[in-house]
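Visitor: One structure, pasted below without further comment.
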Amino acid sequence: MTTASVAAARADEATALDARELYRFFRTGEEETLALRGVSLHVRRGETVAVVGPSGSGKSTLLACLAGLDEPAGGCVRVGGERISHRPEAQRARLRARRVGVLLQSGNLIAHLNVWENIRLAQAAARGRRSGAPDIAALLDGVGLRGRAHALPHELAGGELARAGLAVALANDPDVLLADEPTGELDGRTEQRVLDLLKSRADAGRGVLVVTHNTEVVGFADRVLVLRDGRIQP
Ligand code: ADP
Ligand code: MG
């Protein structure tokens, strides 16, 4: 290997998530919205990054593209060194299940499955993963929901629901955890607890990226990026 390729391989190892020049357009009737206009960012292993921006700045679109839930029109997303963008949907879904944990605003639990079943389903989606999946009991312990394994989502209080969503997002020990407004409707104590749990992921050597309009929650991040009109501000 050349010195340059050794350096590139090291950089790859240290990077949990890397996005280059992401573009995403939406067309509604005659109108075209440029939701992302060349967004590049990275998250190192062990790092928490917050992307803040006003409503409509492109945060949710960005998170969906980073997570492999949406396909950017241009650019490239790599997670743990593996390209997740511009692949057939089935491949993208499998990579996502193995490498990415996502907390969405809309929640990420299936309504008719209990907490334990939701976690199990997430693990099943990542067939053929690198190592054994974390133990479900340990995941539940980690988010303080040991006694709630058999509860259905509608039986959980707001803070419990957020933590159950986190357990699902962590079901396959993902390289990177992505969260869209993770503290949106939580009370102050639960909010702090969720932020602590996110932070502990970074302490365990994973990457964490949060998008939010709430500038108060960004204090926990190692690095803050500002998104405006689909661009990261210099
Ligand atoms: P944020 O999460 O920062 O509020 P979004 O990513 O939801 O911003 O939206 C960014 C821009 O893209 C907005 O102008 C929004 O109206 C537009 N947009 C998002 N999703 C769609 C969609 N599915 N169809 C059309 N326009 C969309
Ligand atoms: Mg949003």
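Visitor: Mind counting the residues in the range 43-78 that are within 16 Å of ligand 2 (Cβ to nearest atom), in a loop (DSSP other than H, G, I, E, B) and under 19 Å from Leu198 (Cα atoms)?
Guide: Of the residues in that region, 0 qualify.
Visitor: Applying the selection to the range 158-192, what residues are acidic (Asp, Glu) and more than 27 Å from His42 (Cα to Cα)?
Guide: Glu160, Glu185, Asp187, listed by residue number.
Visitor: With respect to His86, determine if the residue is over 28 Å from Ala164 (Cβ atoms) and in a loop (DSSP other than H, G, I, E, B).
Guide: yes
Visitor: What are the residue pairs meeting all of these: first residue in the range 205-219, first residue more than 23 Å from Pro174 (Cα to Cα), second residue within 12 Å of ligand 1 (Cβ to nearest atom) and of a type in the set (A, V, I, L, M), Cβ atoms under 8 Å, and 6 or more apart or on different chains?
Guide: His213/Val52; Asn214/Val52; Thr215/Val52
Visitor: Out of curiosity, is Asp141 out of contact with any Leu (no Cβ under 9 Å at 6 or more places or on another chain), in a loop (DSSP other than H, G, I, E, B) and either touching a residue at least 12 places away in the same chain (Cβ under 8 Å) or away from ligand 1 (no atom under 16 Å from the Cβ) (or both)?
Guide: So Asp141 fails the test.
Visitor: Just one of (1) in a loop (DSSP other than H, G, I, E, B); (2) free of Cβ contacts under 8 Å to residues at least 24 places away in the same chain; (3) more than 16 Å from ligand 1 (Cβ to nearest atom) trips up Ser106, so point out which.
Guide: (3)
Visitor: Residues to consider are Gly80, Gly101, Gly107; find the one that is farther than 24 Å from Thr15 by Cα, under 16 Å from the mean Cα position of the chain (by Cα) and at pLDDT below 95.
Guide: One residue alone meets the criteria, Gly107.
The values are calculated or read from the model by the stated rules, or taken from the named source; none is laboratory data. This structure is a prediction, so every number in the text was calculated from the model and none was measured. Cβ atoms come from the backbone with ideal geometry, glycine included; neighbour counts cover every protein chain shown.
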